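Some notes on the structure that comes next.
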Amino acid sequence: MLHTVELSTSKRDEMRDITREVTSIVHKSGIIDGIAVIYSPHTTAGITINENADPDVKHDVLLRLDEVYPWNHPKYRHAEGNTASHLKAITTGSSQTVIIHEGELMLGRWQGIYFCEFDGPRHRQYLVKIIEG
């Protein structure tokens, strides 16, 4: 089963918690055991799993990514001017795989799934593939 989820981001850099949406897709699938693959088909956005209890974690992650990959750098050559967005997306990765056991995502107590926007605001999508087994 493949599901496409649409979303709009509101900032250049943003970590959007998509855990509830992915959980809902898993529940509606009826799959008891398997995996969920969450994938971003964008070169300037990614998918990651991290803490979702303290909102300061998102702030700190985005702050540090900006420090490591500044928006402006004298040696950047990409004509669109969004090299930092590409580098951040490479760092977070384009997908995450989560085990489904007894119909639930096997996330740790503090974990959430995030869509990471690095070149917004934009209209985006991510894909969720549920595989039984």
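The table below gives the values:
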read-out	value
Candidate set from the stretch 88-124 (those that are within 22 Å of Ile32 (Cα to Cα), assigned to a loop (DSSP other than H, G, I, E, B) and not charged (D, E, K, R)); member that is farthest from the chain's Cα centre (by Cα)	Gly103
Count of residues meeting criterion [of a type in the set (A, V, I, L, M), buried (at least 19 other Cβ atoms within 10 Å of the Cβ) and closer than 17 Å to Leu62 by Cα] in the stretch 88-123	2
Ile32, sole failed condition from (1) part of a loop (DSSP other than H, G, I, E, B); (2) within 19 Å of Tyr126 (Cα to Cα)	(2)
In the stretch 41-72, residue surrounded by the most Cβ atoms within 10 Å (Cβ to Cβ) [restricted to those that are under 18 Å from Gln111 (Cβ atoms), in contact (Cβ under 8 Å) with a residue 24 or more places away in the chain and not aliphatic (A, V, I, L, M)]	Gly46
Criterion: under 15 Å from Thr19 (Cβ atoms) and acidic (Asp, Glu) - qualifying residue of Glu67, Glu104	Glu104
Failed condition for Val26, given (1) closer than 20 Å to Leu7 by Cβ; (2) part of a strand (DSSP E or B); (3) of a type in the set (A, V, I, L, M, F, W, C)	(2)
Unmet criterion (only one of (1) in contact with a strand residue (DSSP E or B) (Cβ under 6 Å, 6 or more places away or on another chain); (2) over 21 Å from Gly108 (Cα atoms); (3) buried (at least 16 other Cβ atoms within 10 Å of the Cβ)) for Arg16	(2)
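None of the figures in this text is laboratory data; all of them are computed from the coordinates on show. This structure is a prediction, so every number in the text was calculated from the model and none was measured. We place every Cβ from the backbone using ideal geometry, glycine too, and count neighbours over all the protein chains shown.
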